[in-house]
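Data first, discussion second: the structure below is written as structure tokens.
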Amino acid sequence: MSVATAEPAVRPVTTVTIGVDTHSQLHHAAVLDQHGQLLGDRQFTTDIAGYQELLDWAASYGIINAAGVECTGSYGAGLTRHLLAAGIDVVEVNRGHRLTRSRSGKNDAIDAEAAARKVMSGECSSPAKDTTGAVEAIRNLHLLRDSAVKSRAAALVQLRDVLVTAPTGMRERFDARTLEGKATQARALRPDSSRLDEPEHAVKYVLRELGRRIFNLTAEINATEKHITKLVEAVAATTIALPQVGPITVAQLLITAGQNIDRFPSEAAFARLCGVAPIPVSSGKTHRMRLHRGGNRRANRAIYLVAICRLRYDPRSQAYRDRKRAQGHSSADAIRSLKRFVTRELYYALKKDLLRRQ
């Protein structure tokens, strides 16, 4: 007589989703199972040990399906890199709506749980930017250049304001036509440091130091632009070859798109991010479109500059503007349409360049 052996019970596999509310010193994480039930939440430090502790803690609940992380480009950048290196899909999670926060309250645990639920519901599905390649290097160099440009602009305005109130005889010595030329002249001044209690010598000292500051910032900008140009030419040779598209413009578009440009499902999604997606604004007898005012405004500005330069130098763009005018559209409408065309062209060029490097 044979005895039937009982088969071992098969335990169901639990898949979990992580949500992380990021801060500078501590990250708060929450774990939800596949049914949306909260399994736990904890705080972790923002270092490699804390990232690994978070990963091990979440894995103890089950197989990690994905992680929703806030601020993947700033506070969450380190954690995002660690999770991607571990093979975890990381989704960029936007901040919660103000109305939602006012209804349900706000703390780190609530925000972390909300991040995980946004991933599970599909409300947030865009992969996080890859910050481990050359585009991240370009972003840092572009940040340095942008800071130097703003500082030089402020110094030039200060130089102009000091010259307005300078003694008449001194002001007449600055005969250069541009502020940059006046800054060069200011560098040649020789104030008497022992007589700074006299307004004339104090003004000379201020003008000389401003002139030196402007000179040093200009040298910093030029040196940084050389490095940016070298990197951009290596990363995006196809894009920089397009008409009226310079290295600083390409650098900004690379920063906006990210190293993993395939995170955009279509060129329309990229246009939306750049603020050049058309939306209807018709009412009554008026039927027209405009570009929505959201998206990355730096990228929008870069595309606008390309469109304006093409209207001046590119015969194709000039013919397009003339054709739109003949159809009864305004010049502003023609520029809006041209920006959308430029964005499409830039997207496919960037995609070709970046996918080639993967």
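The values are calculated or read from the model by the stated rules, or taken from the named source; none is laboratory data. None of these values were measured; they are calculated from a predicted model. All Cβ positions, even for glycine, are placed from backbone atoms using ideal geometry, and neighbour counts span all protein chains on display. Surface accessibility is based on the protein's heavy atoms, side chains included, excluding ligands, DNA and RNA. Shrake-Rupley method; radii C 1.70, N 1.55, O 1.52, S 1.80 Å.
Descriptive notes on the structure:
- Surface per residue (accessible, 1.4 Å probe) for the chain, Å²: 56
- For region 105-150, the spread of Cα positions along each principal axis, largest first, Å: 41, 24, 15
- Share, in percent, of DSSP beta bridges within the chain that are antiparallel, nearest 5: 65
- The orientation-averaged projection of the convex hull spanning the C-alpha atoms of region 138-183 amounts to 3.4 square nanometres.
- The chain shape via C-alpha gyration tensor axes, a/c threshold 1.5: prolate
- For region 56-178, convex hull of alpha carbons as volume per residue, Å³: 196
- Tilt relative to the chain, helix 297-313 - C-alpha long axis, 0 to 90 degrees, to 10: 50
- Peptide packing: for 272-278, 146-152, the average count of neighbouring Cβ atoms within 10 Å per residue gives the ranking 272-278, 146-152, highest mean first.
- Within the shell of other residues whose beta carbon sits under 10 angstrom from the beta carbon of GLY19, the net charge comes to -3, with Lys and Arg scored +1 and Asp and Glu -1.
- Per residue of the chain, the DSSP helices (runs of n ≥ 4 H) give a summed -39500 (n - 2.57) that works out to -18500 deg cm²/dmol at 222 nm.
- Straight-line cross-link partners of LYS230 among the lysines, defined as a Cα under 27 Å from its Cα and at least 8 positions apart when in the same chain: LYS129, LYS150, LYS339, LYS351, LYS352.
- Ordering of 183-192, 313-322 by packing [mean C-beta count within 10 Å, highest first]: 183-192, 313-322
- With only the Cα atoms considered, region 199-358 has a convex hull volume of 176 Å³ per residue.
- The 1.4 Å probe gives accessible areas that order SER126, SER283, largest first, as SER283, SER126.
- Between 0 and 90°, nearest 10: helix 48-59 axis offset from the chain longest Cα axis: 30
- Once the convex hull of all Cα atoms in region 131-266 is built, its volume per residue stands at 139 Å³.
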